[in-house]
Amino acid sequence: MILKHPARTFFIEVGLFAAGGYYLYNHVLSDEAKDQLNHMFDTLKTSFTKISEVTHEQDSANQEQEKKAAEANRENVERQWESLGY
């Protein structure tokens with residue numbers, strides 16, 4: 001029975017969905033609809049690229065701030081140890 005193997009069921013469902021999408025795209029959609037669909041995917045790709053770039057820049061800035069804070073903390077701890085005579 002297929003339900004006993006969820007991974008196999010998942011891959012079968014994904015395969016059927018992909019085959020159906022391929023058939024619809026090639027045999028049912030008009031050329032205008034295909035162009036609009038392609039434009040939508042290009043817009044999504046551009047949007048995800050821009051979002052990825054922004055988050056990468058923010059991650060880089062956060063890493064720099066964390067490095068500065070860690071360095072300040074390390075210096076503070078060293079001063080405390082020195083004041084205790086170590």
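The values are calculated or read from the model by the stated rules, or taken from the named source; none is laboratory data. All values reported here derive from a predicted model rather than from experimental measurement. Cβ placement follows ideal geometry from the backbone for every residue including glycine, while neighbour counts extend to all protein chains displayed. Ligands, DNA and RNA are excluded from the accessible area calculation, which covers all protein heavy atoms including side chains. Shrake-Rupley method; radii C 1.70, N 1.55, O 1.52, S 1.80 Å.
Of note:
- HIS39 vs. criteria out of contact with any Gly (no Cβ under 8 Å at 6 or more places or on another chain), in a helix (DSSP H, G or I), modelled with pLDDT of 90 or more and not hydrophobic (A, V, I, L, M, F, W, C): yes
- Residue count, the range 14-34 (criterion: in a helix (DSSP H, G or I) and open to solvent by less than 100 Å² (accessible area, probe 1.4 Å)): 12
- Near pairs, Cβ below 6 angstrom, 6+ apart or cross-chain, from the range 1-30 (over 24 Å from PHE41 (Cβ atoms)) to any residue that is surrounded by 10 or more Cβ atoms within 10 Å (Cβ to Cβ) and not charged (D, E, K, R): ILE2/THR9
- Which numbered condition LEU37 fails, given (1) open to solvent by 100 Å² or more (accessible area, probe 1.4 Å); (2) touching a helix residue (DSSP H, G or I) at 6+ places or on another chain (Cβ under 8 Å): (1)
- Residue in the range 3-13 that is surrounded by 10 or more Cβ atoms within 10 Å (Cβ to Cβ) and not in a helix (DSSP H, G or I) present: yes
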